[in-house]
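Notes to accompany the following structure.
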Amino acid sequence: MTGPAWVLLGLGLLVVVVQRRTLALGAVSAQVLVLVGLAFADAGDLHEFAATGALAVRGTVLAVVFGLLISRTRDSRPVAHPLKPLLRGALAVGLGLALTWLVPPIGLADRTAEPVVLCLVAFGLLVAATSRATIVQVLGVLLVENGMSLAALQLPGSSWMIELGVAVDVILIALVAGIFHERIFVEFGAGDSAALRSLRD
């Protein structure tokens with residue numbers, strides 16, 4: 001899976017360095033399309049096709065929901081990121097490489113998928129931890145979930161019921177996060193998590 005691996009990594013790095021929420025959402029959604037393609041190509045029975053369908057539904061629902069949220073909560077200007085794009089990219093690559101060196105083999109069917117999974121997790125954690133834009137923070141979490149989905153696709157004997165349950169859980173978590181984002185936007189006029197520092201007991 002050399003080609004899809006590079007595509008997944010490139011899209012993940014794009015989420016790290018871009019400033020616009022629409023581009024970040026597009027990159028995360030494109031990753032799901034790649035994962036659905038990989039799952040469909042490897043599916044051999046009805047259960048595996050059901051797991052592929054759950055992944056596709058999850059990606060579609062989240063893309064629509066967050067697309068609507070972005071259109072409903074347009075900031076007058078992009079929320080400033082505390083780190084420059086090149087620095088974010090360098091930190092993401094460094095953290096990804098560190099994880100691939102430190103984490104022992106995790107037993108995936110395709111060993112080339114393991115560093116991709118770890119890098120996507122590193123990219124997502126960095127996005128969620130450093131971005132001030134609330135939508136982008138949630139997209140960082142979804143980036144980690146895409147890495148976990150890739151790992152699940154490479155685990156032998158994974159259950160389609162587990163995939164369906166994970167898809168439902170991720171959708172619910174993202175919906176709750178979207179509601180919080182909209183409330184923050186209504187209250188402060190921007191989807192900037194830094195505005196929460198002004199709150200006092």
Considering residues of the stretch 42-88 that are surrounded by 16 or more Cβ atoms within 10 Å (Cβ to Cβ) and among the basic types (K, R) only, the residue modelled with the highest pLDDT: R88
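Quick test for you: out of R58, R111, R88, pick the one residue that is closer than 19 Å to L9 by Cα, of a type in the set (K, R) and part of a helix (DSSP H, G or I). So that I can check it myself, show each step before the final result.
Working: R58 fails: closer than 19 Å to L9 by Cα; R111 fails: part of a helix (DSSP H, G or I).
Of the residues listed, the single one that is closer than 19 Å to L9 by Cα, of a type in the set (K, R) and part of a helix (DSSP H, G or I) is R88.
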Check whether at least one residue in the stretch 135-148 is touching a helix residue (DSSP H, G or I) at 6+ places or on another chain (Cβ under 6 Å) and over 15 Å from V28 (Cβ atoms), and report yes or no. no
Just to be sure I understand the filter: pairs with C-beta atoms under 7 Å, separated by 6 or more residues or on different chains, first member in the stretch 103-127 and touching a residue at least 60 places away in the same chain (Cβ under 8 Å), second member in a loop (DSSP other than H, G, I, E, B). Which pairs pass? D110/M1; D110/Q154; T112/M1; A113/M1; A113/Q154
Selection from the stretch 1-41 of residues closer than 25 Å to R72 by Cβ, surrounded by fewer than 18 Cβ atoms within 10 Å (Cβ to Cβ) and either modelled with pLDDT under 90 or touching a Phe, Trp or Tyr at 6+ places or on another chain (Cβ under 9 Å) (or both) yields Q19, R20, T22
If I go through the stretch 2-33 residue by residue, how many of them are farther than 17 Å from F123 by Cα and of a type in the set (A, V, I, L, M)? 1
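The values are calculated or read from the model by the stated rules, or taken from the named source; none is laboratory data. For clarity, every value in this text was computed on a predicted model and none was experimentally measured. As a convention, Cβ positions derive from the backbone with ideal geometry for all residues, glycine included, and neighbour counts pool all protein chains shown.
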